[in-house]
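Encoded as structure tokens, the structure appears first; notes follow it.
Readers should treat all values here as calculations from the given coordinates under stated rules, not as data from a laboratory. The shown structure was predicted, so the numbers you read here are calculated from the model rather than taken from an experiment.
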Ligand SMILES: N[C@@H](CCC(=O)N[C@@H](CS)C(=O)NCC(=O)O)C(=O)O
């Protein structure tokens, strides 16, 4: 059987959310770990924009946006109901807001020195205002858009964790108890553990890594 191929990078939040959906849906594929500074030409030929994740299907369709990968694999099998139609619209709206309002500030905060940006705290504060809104949501429901984990949680958690890890003592000191609860539950989850395995960078002669592994 020809398996789909996933080009992935362990620490990339976009790739993490794709792997979360792949793990949840048990969508078996060949995982090829990529070094961002040395991307395989096989990947760039398939997806010239050269970002990870990239999913290549057996019929040669190429899906190179993480949210599209999530929706595709969950569309084939969605045992936890992450795409539940009652909540899908709300999930997609919140994901869009995260990408337009939070993610640019996260980048300016996290990569402050790299981008020669003298005001990381300013961007942390703006990003923090968005997190304050997420915390308020999580005060009234267990997960972001309801009482169970949905697409929005899986798509947004990797970015909130990246923010938290930039200065964990500062993050833990904020009065976002609901957000802390939600993030800690994810960090301790079996699901997250399963998508964070370390693999050597893929080379064409390597044996293929099958993902999910269990
Ligand atoms: N919109 C894309 C963004 C993916 C993205 O930007 N991934 C980063 C890594 S986290 C990347 O591949 N950057 C290209 C590079 O660093 O060369 C998606 O959702 O898949």
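How far is helix 120-140 tilted, in degrees, relative to the longest principal axis of the Cα atoms in the chain, given as a value from 0 to 90 rounded to the nearest 10?
90 degrees
Regarding region 29-138, what are the three Cα extents along the principal axes, ordered largest first, in Å?
Computed over region 29-138, the largest-to-smallest principal extents equal 46, 41, 17 Å.
Ratio of alpha-carbon Rg to the 2.2 N^0.38 Å globular estimate for region 88-214, to two decimals, please.
Computed over Cα atoms of region 88-214, the ratio equals 1.19.
Would you please calculate the Kirkwood hydrodynamic radius of region 29-71 over all C-alpha pairs and express it in Å, rounded to one decimal?
One over the average 1/r among Cα pairs gives 10.8 Å for region 29-71.
Among DSSP bridges having both ends in the chain, what percentage is antiparallel? Round to the nearest 5.
70 percent
Determine the calculated [θ] at 222 nm for the chain from helices alone, applying -39500 (n - 2.57) to every DSSP H run no shorter than 4 residues and normalising by the residue count; nearest 500 deg cm²/dmol.
The helix-only estimate for the chain comes to -15000 deg cm²/dmol at 222 nm.
For the chain, find the longest principal axis of its Cα atoms and tell me its angle to the long axis of helix 177-187, 0 to 90°, nearest 10.
Relative to the chain, helix 177-187 is tipped by roughly 20 degrees.
Cα centroid distance between region 129-149 and region 1-34, in Å?
27 Å
Can you tell me the 0 to 90 degree angle between the C-alpha axis of helix 88-97 and the longest principal axis of the chain, rounded to 10?
With rounding to tens, the tilt is 70 degrees.
How big is the Rg/Rh ratio for the chain, C-alpha atoms only, Rh by Kirkwood, two decimals?
Numbers: Rg = 17.4 Å, Rh = 18.0 Å.
Using only Cα positions, Rg/Rh for the chain is 0.97.
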